[in-house]
Structures are given as structure tokens and as C-alpha cells.
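Heads up: the structure comes next, in C-alpha cells.
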Amino acid sequence: LPMYVPLPNRNVMLADIMIRDMLATNSGRVYTDRQKISVEEVVGRQNLPLLAQVGLTGKTRIPAEYIAPIKVFKDSVLAGYKDGVMPIFFSTTVRHELIQDYAPALLQEGLTYRFVRIPDGPIQRPLPALDVERTYRLFTDEFQMTSILDPKVRKEEQTRGLFVNYGLAIQAITDALVAMGQPQKAYDFVKVIDQFEMDAEVRGIFLRDLYVVALEAGIQADAARYAEELKTLGYSAQQLQRLPVEYYMRLGVVHLGQGELTLAEQILQKAYNHATREYPDPFHRLVTYYVEIGDTAKASQLVAEWDSRYPGDPLTFQMYLNYLNKPRAALEVLDRIIRDYPDEPELLQVRDSLKSAYNL
């Protein structure tokens, strides 16, 4: 079947038209014939054979809003959306590009995203929200997974793929529980992933989080077992040491995407406490977080603290120049770097270019 409706300037996914039809129905939209447009008029006669495969003809008329730019559709239709008309769920396996425009209205429950009325006011959340309590209850009380975890039951490839879907949903809840300060509950919940049948590469991804959450919960024996398996996958002692910090950086980014700014900052601060000149990633991530939310004052304060802690660090120069738009402060850092490396003519060229570009 064709996946899209070819328009003169862009392609519209057929799945998107179907989604809009469901949303318009729940919003109480009733279209007159004047508000509709013929398929032939939209796609051109030459493309009609493609659409015939899905039962569309040149005379078929669809609401013009179904192919309008997404902002036009959202502003016109979703303001009247009602949750109780017809529950609309999307599988968490749906391609992200099909639902990303609706992220503020999506609430993850188990292995589905439920469409809810978009809250009034500015929405900063580019990712679906997560119903922690309901999803936790679904996995602990309703999804028994008895047969799929039985090693005596043969699983075909499609069934084995469910392990990844289950694992991603379980990990999302685990991350939320860790962020809420409940690592023991989180580990009791997530450790079932250890029984999932996955190929080595995919298992290694989940194994990293199992290791970190076991450490957070104080389950040293399990953490040691996961660490040994990670070593067989090529992880060094230094990489293992950094896994908890990387976990918190990822967790902070997730909460930022869900619009939970206070929690994101707290988590990224925890990662930042482990930042060093040799391992500046947590510092870089926290600065970019402040820049992304528009808090340049905190970003500048953090960079100034880093500059005091590690004078002449090239990363500080980059932060002042590329992230904070403070060329004069960047120049001061560059001067210290030049004093440390006086025999590097490239540094002098950078300084001259900087002074010329910003009239310093």
C-alpha cells in the first residue's frame, strides 16, 4: 500500500490523515462539502493509481484540514478535543515522526500512548509524558509475562521483539522511580529484564542500566555480576566507573524533554558533581541544559566556576564563545591558554581573528 499522499510541495503520510480523522471526530468536527477537497485536485490525476490501492478515487473528498500544515490543524481542531468521546491510543512502537507533533497531548500508559486534551498555556514538552503509577501497575498486576519468560516456550522472531518493547517501557518507569528517590523499588521492578532473550548488542544496552540501578539500590552482588558481563562486552574499568554518571545525564535529558525542568536540573547537578577536566561531559551537559531553557545567568555562573576551577581550559573558551555569546570573556580565557602554550602560532591567529570579528 502507498504510505503517503504525494502533494506538489510535500508528501502527507496516509497514517497522518487517519490520525487527524480520529482526532477531528473526538473534537466534534463535522465538515461541509465546501470544507472538503477532492483527492484528484490534491494529488493530480497521474497519482490516482497509487491511491486506488487504499480505496481512494479521484472523486473522493477529504476535509482540507487533513492535509493542512500541522499548526493549522492543531489550532483549528484540537482546541475542542474531548477525552471521553472515543479513546485514542497509539502503540509505543509507532514511528516517532508520525506522533511527534502531538507529544504534548500524549500520555504513556504501559505499551501505549493515550491521547488526552492538550493543557492550556505554553507547552514545553517535546516528548510524551509518562503515567508512572498506571504503567507500574500494568506491569506488576496485569502483564504477567508467564509464557514469554518460560525458557521452555519457543519464541519466534516477532515474539522476541516484544522483549525490546517491554524493556523500553520498564526502563522508563525505572528511570522515573530512580529520579523519585526509590532505587530499591526501581531495581525490584527492572531486574526482570535480566531474563529477557535478546541479542548481545541489545542486551548490553539494557545491562548498563541494570548495573547502575543495582548499584543505586545497594545490590552489590547483582551489580558485580552485571559488571562482569559488561567486561566481556568490552567495557573497561573506567567505562564502568562512568556509567552511573552517563545514566544520570541521560535521565536528566529525558526529564527535560518531558518538561520536568526542576527534576532535570537536580539530576544533571548530580552528574555534574563527577565532572573533571579529564571528563567534562557532565559540565557540558548542565551548561547546555541552562542554555536550552534560557537561563543564561546560571549557565554563565557555571562556566565562571569551571574557569576558576580549571583556568585556561579550552572548553571554557568554547562555552563563552559558542554558547553564551561572550567573546570578551572567551578572549580572556584564550589569553591564559596562550600563556600556557606560547609556541603555538595557531592560537595567536585565533586571537587575532576573534578580536577582529568582535572589534575587541
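Take the residues of the stretch 232-272 that are surrounded by 15 or more Cβ atoms within 10 Å (Cβ to Cβ) and assigned to a loop (DSSP other than H, G, I, E, B): which is modelled with the highest pLDDT?
The extreme case among them is TYR235.
Out of the residues in the stretch 296-311 meeting the condition of being touching a helix residue (DSSP H, G or I) at 6+ places or on another chain (Cβ under 6 Å) and of a type in the set (D, E, K, R), tell me which one is surrounded by the fewest Cβ atoms within 10 Å (Cβ to Cβ).
Among those residues, the one meeting the criterion is LYS298.
Under 8 Å by Cβ, and 6 or more places apart or on different chains, what pairs join a residue from the stretch 273-297 that is without any contact (Cβ under 8 Å) to a residue 40 or more places away in the chain and in a loop (DSSP other than H, G, I, E, B) with one that is surrounded by 16 or more Cβ atoms within 10 Å (Cβ to Cβ) and β-branched (Val, Ile, Thr)?
HIS274/VAL245; TYR279/VAL245
If you take the residues of the stretch 201-215 that are at pLDDT below 95 and of a type in the set (D, E, K, R), which of them is surrounded by the most Cβ atoms within 10 Å (Cβ to Cβ)?
ARG203
Scan the stretch 75-98 for residues that are within 25 Å of the chain's Cα centre (by Cα) and open to solvent by less than 60 Å² (accessible area, probe 1.4 Å) and jot them down.
Scanning the stretch 75-98 gives LEU78, ILE88, PHE90, SER91, THR92, VAL94, LEU98.
Just to verify a result, which residue in the stretch 117-157, among those that are within 14 Å of PHE196 (Cα to Cα) and not charged (D, E, K, R), is modelled with the lowest pLDDT?
GLN144
Quick one: count up the residues across the stretch 162-191 that are without any contact (Cβ under 8 Å) to a residue 60 or more places away in the chain and open to solvent by 30 Å² or more (accessible area, probe 1.4 Å).
11
Pick from PRO314, PRO282: which is surrounded by fewer than 17 Cβ atoms within 10 Å (Cβ to Cβ) and either of a type outside the set (D, E, K, R) or within 20 Å of LEU256 (Cα to Cα) (or both)?
PRO314
Among the residues of the stretch 302-334, how many are within 13 Å of HIS284 (Cα to Cα), over 29 Å from the mean Cα position of the chain (by Cα) and assigned to a loop (DSSP other than H, G, I, E, B)?
Of the residues in that region, 1 qualify.
I'd like to check which helices (runs of 4 or more DSSP H) are fully inside the stretch 1-90 and have at least 3 residues that are modelled with pLDDT of 75 or more and under 15 Å from TYR102 (Cα atoms).
14-26, 70-77
The values are calculated or read from the model by the stated rules, or taken from the named source; none is laboratory data. In this text the structure is predicted, and so the values were computed from the model without any measurement. Methodologically, a virtual Cβ is constructed for each residue, glycine included, from the backbone with ideal geometry; neighbour enumeration extends over all protein chains shown. The accessibility values were calculated without ligands, DNA or RNA, using every heavy atom of the protein model including side chains. Shrake-Rupley method; radii C 1.70, N 1.55, O 1.52, S 1.80 Å.
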